[in-house]
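*Asks:* Got a structure here, written out as structure tokens. Questions coming.
The values are calculated or read from the model by the stated rules, or taken from the named source; none is laboratory data. Just so we're clear, the structure is a prediction, and the values are computed from it rather than from any experiment. All Cβ positions, glycine included, derive from the backbone under ideal geometry; neighbour counts span all protein chains shown. The area values use the complete protein model at the heavy-atom level, side chains included, leaving out ligands, DNA and RNA. Shrake-Rupley method; radii C 1.70, N 1.55, O 1.52, S 1.80 Å.
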Amino acid sequence: MGLSRYNRGQLNYPCGALMAESLTQTKCPQLSSRFGSRGALLAEVPRQDWPWWECCGLVLIAFLAYLAGADGYDLLTDDEIRYAEAGRQMLRRGDWIVPVYNGEPRFQKPLLVYWLQALSQACFGSNAFAARIPSAVAAAITLWATGNIARTMWDHATARWTILVLATMFEFVLLARMVLIDMILVACLQVSYAALLSAWSSASHRARTWWYRLSSLALGGAICAKGPIALVLYAFLLIPWLILVPWLRKGSALTPDADTRTDGHALPSWRPVPIASGIVLAALLGLPSYLLPHWRTAGQFTWQFLWTENWQRFTSVVNEHPQPWWFYLALLIPMSFPWTGAIASAVSLAWHSRMHVHDWRGLFPLALLGHMVLIFTFFTMSQTKVWTYTFPAFPSLALLIAYWLVQMQQHQPQLLLRRFRQAFGLGTWPVIAAAWAFTFWPDSRLPEEVRVPEFLSAVRLWGWCLAFLLLAGWLFSLAGASLRAILAYLLVGTLTLYALAVFHVLPAADRMWNAPVRQVADYWQRYPEAEVITYHVHELGLNFLARRDLVHHWRREALSDLYERLQNPAPVLVLADTRLVHHLRGLPIYIWHKNNRFVLLANFSPPQVQTD
């Protein structure tokens, strides 16, 4: 429906409730018949000041929660190990331009993540806790920036719920506790976006200029963190506005000479835009992390990073990451937990908000929706699909869910209660069925590497805890609990699940995965002259745990090469896949340790070890 049928007086109402009433009763009867009281749901929330201490308190609690138990288990994935170890070697070698991992230059990512790792380990030591600090700090910055966006565009209640929703999303919690680059990238993008929206909302030319400068500096940080893809992701933030604002100007009675309302601007105050100074600031912060290694490596860094890590990842499958086109949509279901059930309603509300746009802030839900669609479409087109690629869309998703929650609480609380009841009911029975099946599934039919009783018990306990919380929430809602009580239960239950995972499941996985690695690191300290080889296993963090610069990771070498090396009189420690042990019988080897995943063997005998 066209906005031209509403005069300027109608658009200047300070509260959207009158406008919604006009729409549903007189101007657009089909909207009333189709959506009922949804017109009131789309009413603009009166803007209020946001207590700064509330934001800081929520962000600080989240930051401390992300670091809770961070020293209780070692690094678990290859990427975590590479970032942390490259930062350790950067600190040890004193070379802050060319990162090195396991004796080889590491050109896969720009320098920012390695700088942050080196600085954190310089302050807190080379350990898993120090390695996880940069991600936790970036998560806190992301929460603050995203909450500030909600406060700028809506109100303090939506800002509060934005922080709570985003801070408890499963993928956000994962990346806040992992040594990966994605949280750092999103933190820079969100700060840049928050500063940009603050500039558009500012009536002061001086303040607007400073906000633009901050936005440019944050964009430079994003470029320093991830590379050219940061510019693409930043463009995805701007493209919806470049489409929607001209549509607002053309489709309504608003004109450039009628850009004020009683409570703000009808069109964003985005002029003058300091494009030249913005480019200079972003370049000053972002380009050194490329130019310095380019100069030191005679262009090798630039070629490998731009070609292999960017273009080839988009046009071909790299590192064995082929996935179907629907991969990211399916992944959205678990990664948005516990807010998965709200996605459809939040997206629907954002889409229908186009019928009630009366100033540029009214376009914000559509801009967020467009941002999400662009990100998911772009990375779905990529041939290489990694689970973290669509993470930059999650702050926008959290904003939409928080907006929907606040609108429903204020205008349709009974309907929101019914939605929670339905979500608990729909989630309870599949989770109970899955927990039951996994509990009674024969261990012999599970992959051999996870047939560790302690780990399986921890996972089964977590599954039953999830099932119990969903069932209790469903019964709680059926018993007539208030909306406030349901929301509090949802948050407390989610935190309980995360605490159980951090303090019980992950340590069990760490003992299964990293205990042999820690043994190898300990033996290496006792036998420093020994050569260490990992054979057909992941890299496992031996460098990081043993504080050694070089481990021979053999993944493509033949067994004959290993035979030859074990028959050499020089001492060798080998960590190999357990399934390969039978190929080594007949050699002069000694089994030092063995479990379902790994076998530690050597060509020399430690005390009290029998020949195989």
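*Asks:* Against the definition (closer than 21 Å to A62 by Cα, among the small types (G, A, S), free of Cβ contacts under 8 Å to residues at least 40 places away in the same chain and open to solvent by less than 30 Å² (accessible area, probe 1.4 Å)), how does A501 come out, yes or no?
*Replies:* yes
*Asks:* Scanning for something under 19 Å from the mean Cα position of the chain (by Cα) and more than 14 Å from L180 (Cβ to Cβ), does the range 96-108 turn up at least one residue?
*Replies:* There is no residue in the range 96-108 that is under 19 Å from the mean Cα position of the chain (by Cα) and more than 14 Å from L180 (Cβ to Cβ).
*Asks:* Let me ask something else. Determine which single condition T388 fails, assuming it passes every other condition in (1) in a loop (DSSP other than H, G, I, E, B); (2) open to solvent by less than 30 Å² (accessible area, probe 1.4 Å); (3) more than 19 Å from S336 (Cα to Cα).
*Replies:* (3)
*Asks:* Spot the failing condition for A136; the list is (1) over 30 Å from Y403 (Cβ atoms); (2) in contact (Cβ under 8 Å) with a residue 12 or more places away in the chain; (3) hydrophobic (A, V, I, L, M, F, W, C), and only one is missed.
*Replies:* Only one criterion in (1) over 30 Å from Y403 (Cβ atoms); (2) in contact (Cβ under 8 Å) with a residue 12 or more places away in the chain; (3) hydrophobic (A, V, I, L, M, F, W, C) is unmet by A136, namely (1).
*Asks:* Separate question: Name every residue in the range 513-570 that is in a loop (DSSP other than H, G, I, E, B) and polar (S, T, N, Q), in order of residue number.
*Replies:* Correct list: N568 only.
*Asks:* Taking T494, is it touching a residue at least 40 places away in the same chain (Cβ under 8 Å), of a type in the set (S, T, N, Q) and within 30 Å of M408 (Cβ to Cβ)?
*Replies:* When the stated conditions are applied, T494 passes them.
Every residue, every condition in (1) open to solvent by less than 20 Å² (accessible area, probe 1.4 Å); (2) modelled with pLDDT of 95 or more, yes or no:
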position	(1), (2)
S477	yes, no
A481	yes, no
L497	yes, yes
V505	no, yes
D510	yes, no
N514	yes, no
A521	yes, no
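*Asks:* Looking at A207, A203, A199, A157, which is the one that is in a loop (DSSP other than H, G, I, E, B), more than 21 Å from S135 (Cβ to Cβ), of a type in the set (G, A, S) and more than 21 Å from the chain's Cα centre (by Cα)?
*Replies:* A203
*Asks:* Same structure, new question: State whether one or more residues within the range 425-433 are without any contact (Cβ under 8 Å) to a residue 40 or more places away in the chain and of a type in the set (S, T, N, Q).
*Replies:* No; the residues of the range 425-433 include none that is without any contact (Cβ under 8 Å) to a residue 40 or more places away in the chain and of a type in the set (S, T, N, Q).
*Asks:* How many residues does the range 190-242 contain that are aromatic (F, W, Y) and more than 24 Å from P110 (Cα to Cα)?
*Replies:* Count: 5.
*Asks:* Just one of F378, F364, F394 is surrounded by 23 or more Cβ atoms within 10 Å (Cβ to Cβ) and either among the aliphatic types (A, V, I, L, M) or farther than 29 Å from L426 by Cβ (or both); which is it?
*Replies:* Of the residues listed, the single one that is surrounded by 23 or more Cβ atoms within 10 Å (Cβ to Cβ) and either among the aliphatic types (A, V, I, L, M) or farther than 29 Å from L426 by Cβ (or both) is F364.
*Asks:* L214: modelled with pLDDT of 90 or more, in a helix (DSSP H, G or I) and surrounded by fewer than 17 Cβ atoms within 10 Å (Cβ to Cβ), yes or no?
*Replies:* Spelling it out, it is not the case that L214 is modelled with pLDDT of 90 or more, in a helix (DSSP H, G or I) and surrounded by fewer than 17 Cβ atoms within 10 Å (Cβ to Cβ).
*Asks:* Applying the selection to the range 444-474, what residues are surrounded by fewer than 17 Cβ atoms within 10 Å (Cβ to Cβ), of a type in the set (A, V, I, L, M, F, W, C) and over 20 Å from Y489 (Cβ atoms)?
*Replies:* Within the range 444-474, L446, V450, L461 meet the criteria.
*Asks:* For a quick check of your reading: which helices (runs of 4 or more DSSP H) sit entirely within the range 1-115 and have at least 1 residues that are modelled with pLDDT of 50 or more and surrounded by fewer than 14 Cβ atoms within 10 Å (Cβ to Cβ)?
*Replies:* Fully inside the range 1-115 and qualifying: 52-67, 78-93.
*Asks:* Considering each of H352, H358 in turn, give the residue that is modelled with pLDDT under 95, of a type outside the set (A, V, I, L, M), surrounded by 17 or more Cβ atoms within 10 Å (Cβ to Cβ) and closer than 20 Å to R419 by Cα.
*Replies:* Matching residue, one of H352, H358: H352.
*Asks:* Does L587 satisfy the criteria of being hydrophobic (A, V, I, L, M, F, W, C), assigned to a loop (DSSP other than H, G, I, E, B), at pLDDT below 85 and at positive phi?
*Replies:* no
*Asks:* Determine, yes or no, whether H552 is under 15 Å from L76 (Cβ atoms), of a type outside the set (D, E, K, R), open to solvent by 30 Å² or more (accessible area, probe 1.4 Å) and touching a strand residue (DSSP E or B) at 6+ places or on another chain (Cβ under 9 Å).
*Replies:* no
*Asks:* Of these, S345, S316, S336, which one is exposed (fewer than 15 other Cβ atoms within 10 Å of the Cβ) and modelled with pLDDT of 80 or more?
*Replies:* S316
*Asks:* Given the criteria open to solvent by less than 20 Å² (accessible area, probe 1.4 Å), aromatic (F, W, Y) and in contact (Cβ under 8 Å) with a residue 40 or more places away in the chain, does Y535 qualify?
*Replies:* In short, yes.
*Asks:* Determine if the range 428-443 includes at least one residue that is of a type in the set (G, A, S) and surrounded by 16 or more Cβ atoms within 10 Å (Cβ to Cβ).
*Replies:* Taking every residue of the range 428-443 in turn, at least one turns out to be of a type in the set (G, A, S) and surrounded by 16 or more Cβ atoms within 10 Å (Cβ to Cβ).
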